[in-house]
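S.K.: One structure, as structure tokens, below. Some questions next.
The values are calculated or read from the model by the stated rules, or taken from the named source; none is laboratory data. The shown structure was predicted, so the numbers you read here are calculated from the model rather than taken from an experiment. Please note: Cβ atoms are built from the backbone with ideal geometry, for glycine as well, and neighbour counts cover all protein chains shown.
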Amino acid sequence: MSNSKINYILGIADNALILGQRLSELCGHGPSLETDIATTNIALDLLGQTRSYYQYAAELQGGEATEDTLAFLRKEREYKNVLLVEQPNTDFGYVMARQYMFDVFHLLLLEQLQNSNDEVLAAIAKKSIKEVSYHKRFSGDWIKRLGDGTEESHNRMQEAFDNLWTFTNELFLMTADDTAMVEAGVGVDVAALKAAWTQEITALLTEATLTVPDLKYFLKGGKEGIHSEHMGFILTEMQYMQRTYPNMTW
Amino acid sequence: MSEKEIKNLEELFQRRIDNDEKIEPKDWMPEKYRQTHIRQISQHAHSEIVGMLPEANWITRAPSLRRKVALLAKIQDEGGHGLYLYSAAETLGISRDEMYEQLHTGKAKYSSIFNYPSLTWADIGAIGWLVDGAAIMNQVALMGTSYGPYSRAMIRICKEESFHQRQGYEILLTMSKGTQEQKDMVQDALNRWWWPSLMMFGPRDAESPNTEQSVKWKLKRKTNDELRQQFVDQTVPQAEILGAKIPDANLKWNEDRKHYDFGEIDWEEFWQVVNGHGKCNKLRLEARRSAWEKGTWVRDAAMAHAEKQTQRNLEKAV
């Protein structure tokens, strides 16, 4: 089995895992009980999707690989998630801005991926679309409320978008594995999603009385395994049990 | 209303309870009934949401994806229980904000067990098995309580709680079949959680105030000591299956009573933690307060936005 396909699946799965991990840090600490339950729900969906992708990748990889070796026993450089999803939960505005920008991308991706000639990927995508549509509605509604709420919430929301915007372009960068998988009819041309993404984000931000950041410089690296300083801490915590007590069943 | 009329109403009210009728929010009820229920239901709700914290402490470190997802789902259920219970309390004329205020200022209590720290992954198993197990004993009895919304919340909560308890036990069972390190972790968790779990049933009957009135209203269907005994009897064989030893030198089957005898609870520790001086009392309250304070701007914005929307719709209508 080609490494490209495994790498391709890991790229999608790692985004879901790391964002799910970030959201799960918030469980029990949300601004209200309802939002707490809802963000936990999004984390649950993302981690459920992660499991489906990893199970499939582990099967393709063969040998000793399992969903858990993929989640917990890789080195930082082997994780392929984008920088956006590893950014910290600075406040609820950042959490929702990060979420919405990812959700719009995620849904566009899945809508294409459900047409993949790989039946497993197509099936996972189809199942996930319903969940991610809900995520996008939830985060989008909060952007509108916070953007067009009080002066403080407007400023906080604008600041979150201004600071996270630099991570958005990476979503649309094609890796060598992406290109190979697009050619094979398996993967999605993410570069082609950018126009629709920009249009949708612009419309919502405008409705939320927010300004779309005008930025010349963008950051990248996550997809190639070169992460931000946050990633090491995320993994240290996430891998704690597997690293401290290797080869045990839980 | 004259005193006599009130007395008649109270008698009618008690007769309804005795006949197993449910009291509903719009029904007449004695003020003391209302206040007692507000206190108990809101404390129960607070316990659900404070109880999320010791378990949430392990979500990011769960040892497998399956366990991580199951733990998240469990904690989310507890948030849901908090929601139904707050709603049930609201039917008695108190707002959710007032209840939070009481929690944050320390006026309202929550279950003292959550002031103990969750230190290892086995604690997540032990909390499910012992803490949820003890909670279920109380809650099953409350399914038949007289206040309709509380009773219905309990029925729903009990179903989910018994699932949580099995899930917690299964965590420990898996570990008990693992390496020596895992078995030691199970024993260590049992050593730390056993006594606090027995304390969850409250003071001994002789020292428990208000019991008689609570029994009349079906808020209490079994006494603290009866429930504690039931819990010990149920749990000892389960510990044996885990190959773990209950940390009580006086624990022994009593053939005459057909119950286990067990040692005395350290009541000094019980009162110390109840009165705010356990390992995590400050930490838990601070986590709740901080979540609430950091969320103020979010809640304010949601209100402001809703008002703007209403205003816009009105303008459109004109």
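S.K.: Taking into account only those residues within the range B:1-51 that are of a type in the set (S, T, N, Q) and not in a loop (DSSP other than H, G, I, E, B), which is farthest from B:Thr105 (Cα to Cα)? Explain how you work it out, then say what you get.
M.R.: First pass over the range B:1-51, keeping only residues of a type in the set (S, T, N, Q): B:2, B:8, B:14, B:19, B:35-36, B:40, B:42-43, B:47.
So of that shortlist, the ones also not in a loop (DSSP other than H, G, I, E, B) come out as B:8, B:14, B:35-36, B:40, B:42-43, B:47.
On the way: B:Asn8: 38, B:Gln14: 34, B:Gln35: 19, B:Thr36: 19, B:Gln40: 17, B:Ser42: 14, B:Gln43: 13, B:Ser47: 15 Å.
By that ranking, first place goes to B:Asn8.
S.K.: Return yes when B:Glu48 is at the interface with chain A (Cβ under 9 Å from one of its Cβ atoms), on the phi < 0 side of the Ramachandran plot, touching a residue at least 12 places away in the same chain (Cβ under 8 Å) and not β-branched (Val, Ile, Thr) and no when it is not. Steps first, please.
M.R.: Working: at the interface with chain A (Cβ under 9 Å from one of its Cβ atoms): no; on the phi < 0 side of the Ramachandran plot: yes; touching a residue at least 12 places away in the same chain (Cβ under 8 Å): yes; not β-branched (Val, Ile, Thr): yes.
For B:Glu48, the condition - at the interface with chain A (Cβ under 9 Å from one of its Cβ atoms), on the phi < 0 side of the Ramachandran plot, touching a residue at least 12 places away in the same chain (Cβ under 8 Å) and not β-branched (Val, Ile, Thr) - is not met.
S.K.: Kindly list the number of the only condition in (1) more than 14 Å from every other protein chain (Cβ to nearest Cβ); (2) over 20 Å from the mean Cα position of the chain (by Cα); (3) among the hydrophobic types (A, V, I, L, M, F, W, C) that fails for B:Ile38.
M.R.: If we test B:Ile38 against (1) more than 14 Å from every other protein chain (Cβ to nearest Cβ); (2) over 20 Å from the mean Cα position of the chain (by Cα); (3) among the hydrophobic types (A, V, I, L, M, F, W, C), just (2) comes out false.
S.K.: Kindly indicate whether any position in the range A:65-83 is modelled with pLDDT under 95, among the small types (Gly, Ala, Ser) and outside any helix (DSSP H, G or I).
M.R.: Pass one, the range A:65-83, residues modelled with pLDDT under 95: none.
There is no residue in the range A:65-83 that is modelled with pLDDT under 95, among the small types (Gly, Ala, Ser) and outside any helix (DSSP H, G or I).
S.K.: Given the condition in a loop (DSSP other than H, G, I, E, B), touching a helix residue (DSSP H, G or I) at 6+ places or on another chain (Cβ under 9 Å) and more than 10 Å from chain B (Cβ to nearest Cβ), answer yes or no: does some residue in the range A:199-206 qualify? Before you say what the answer is, go through the steps one by one.
M.R.: Here is the first cut: in the range A:199-206, the ones in a loop (DSSP other than H, G, I, E, B) are none.
Looking for residues that are in a loop (DSSP other than H, G, I, E, B), touching a helix residue (DSSP H, G or I) at 6+ places or on another chain (Cβ under 9 Å) and more than 10 Å from chain B (Cβ to nearest Cβ), one finds none in the range A:199-206, hence no.
S.K.: Follow-up question, since we're still on this one. Can you name the number of the only condition in (1) farther than 30 Å from B:His104 by Cβ; (2) within 14 Å of chain A (Cβ to nearest Cβ) that B:Phe262 fails?
M.R.: (2)
S.K.: Filter the range A:58-110 down to the residues that are away from chain B (no Cβ under 14 Å) and among the β-branched types (Val, Ile, Thr) and list them by number.
M.R.: A:Val82, A:Val85, A:Val104
S.K.: On the basis of being closer than 29 Å to A:Gln112 by Cα and either surrounded by 15 or more Cβ atoms within 10 Å (Cβ to Cβ) or among the polar types (S, T, N, Q) (or both), does A:Leu205 make the cut?
M.R.: Values: closer than 29 Å to A:Gln112 by Cα: yes; either surrounded by 15 or more Cβ atoms within 10 Å (Cβ to Cβ) or among the polar types (S, T, N, Q) (or both): yes.
Spelling it out, A:Leu205 is indeed closer than 29 Å to A:Gln112 by Cα and either surrounded by 15 or more Cβ atoms within 10 Å (Cβ to Cβ) or among the polar types (S, T, N, Q) (or both).
S.K.: Tell me which of these B:Leu72 doesn't satisfy, since it passes every other one: (1) of a type outside the set (Ser, Thr, Tyr); (2) away from chain A (no Cβ under 12 Å); (3) more than 13 Å from the chain's Cα centre (by Cα).
M.R.: (2)
S.K.: Scan the range A:39-53 for residues that are more than 7 Å from chain B (Cβ to nearest Cβ) and out of contact with any Leu (no Cβ under 7 Å at 6 or more places or on another chain) and report the count.
M.R.: Looking only at that region, the number is 4.
S.K.: Among the residues of the range B:242-258, which ones are exposed (fewer than 12 other Cβ atoms within 10 Å of the Cβ) and assigned to a loop (DSSP other than H, G, I, E, B)?
M.R.: B:Ala249, B:Asn250, B:Glu255, B:Asp256, B:Arg257, B:Lys258
S.K.: Something else about it: For the range A:73-91, name all the residues that are over 16 Å from A:Gly11 (Cβ atoms) and surrounded by 20 or more Cβ atoms within 10 Å (Cβ to Cβ).
M.R.: Matches in the range A:73-91: A:Gln87 only.
S.K.: Could you list, in sequence order, the residues of the range A:111-163 that are buried (at least 19 other Cβ atoms within 10 Å of the Cβ), away from chain B (no Cβ under 14 Å) and among the hydroxyl-bearing types (Ser, Thr, Tyr)?
M.R.: Those that are buried (at least 19 other Cβ atoms within 10 Å of the Cβ), away from chain B (no Cβ under 14 Å) and among the hydroxyl-bearing types (Ser, Thr, Tyr): A:Ser116, A:Ser128.
S.K.: Further question on the same structure: Can you spot a residue in the range B:146-156 that is away from chain A (no Cβ under 13 Å) and not in a helix (DSSP H, G or I)?
M.R.: Yes, because at least one residue in the range B:146-156 is away from chain A (no Cβ under 13 Å) and not in a helix (DSSP H, G or I).
S.K.: Let me ask something else. Could you identify the single residue in A:Ala160, A:Ala176, A:Ala191 that is touching a Phe, Trp or Tyr at 6+ places or on another chain (Cβ under 8 Å) and more than 19 Å from A:Gln99 (Cβ to Cβ)? Steps first, answer last, please.
M.R.: Numbers: A:Ala160 fails: more than 19 Å from A:Gln99 (Cβ to Cβ); A:Ala176 fails: touching a Phe, Trp or Tyr at 6+ places or on another chain (Cβ under 8 Å).
The match here is A:Ala191.
S.K.: If you don't mind, another one. Testing B:Val236 on (1) out of contact with any Asp or Glu (no Cβ under 6 Å at 6 or more places or on another chain); (2) not in a helix (DSSP H, G or I), one condition comes back false. Which one is that?
M.R.: So B:Val236 meets the others, but not (2).
S.K.: Quick one: which residue in B:Thr60, B:Thr105 is within 13 Å of another protein chain (Cβ to nearest Cβ) and surrounded by fewer than 23 Cβ atoms within 10 Å (Cβ to Cβ)? Give the derivation first.
M.R.: On the way: B:Thr105 fails: within 13 Å of another protein chain (Cβ to nearest Cβ).
It is B:Thr60.
S.K.: Select, from B:Leu72, B:Leu85, the only residue that is assigned to a helix (DSSP H, G or I), in contact with a Leu (Cβ under 8 Å, 6 or more places away or on another chain) and buried (at least 19 other Cβ atoms within 10 Å of the Cβ). It would help to see each step written out before you state the result.
M.R.: On the way: B:Leu85 fails: in contact with a Leu (Cβ under 8 Å, 6 or more places away or on another chain).
Going through B:Leu72, B:Leu85 in turn, the sole match is B:Leu72.
S.K.: Considering only residues of the range B:79-90 that are without any contact (Cβ under 8 Å) to a residue 60 or more places away in the chain and more than 9 Å from chain A (Cβ to nearest Cβ), which is nearest to the chain's Cα centre (by Cα)?
M.R.: B:Ala89
S.K.: Keeping to the range A:10-29, report how many residues are free of Cβ contacts under 8 Å to residues at least 40 places away in the same chain, crowded, with 23+ Cβ neighbours inside 10 Å and facing chain B (nearest Cβ under 7 Å).
M.R.: Counting residues in the range A:10-29 that are free of Cβ contacts under 8 Å to residues at least 40 places away in the same chain, crowded, with 23+ Cβ neighbours inside 10 Å and facing chain B (nearest Cβ under 7 Å) gives 3.
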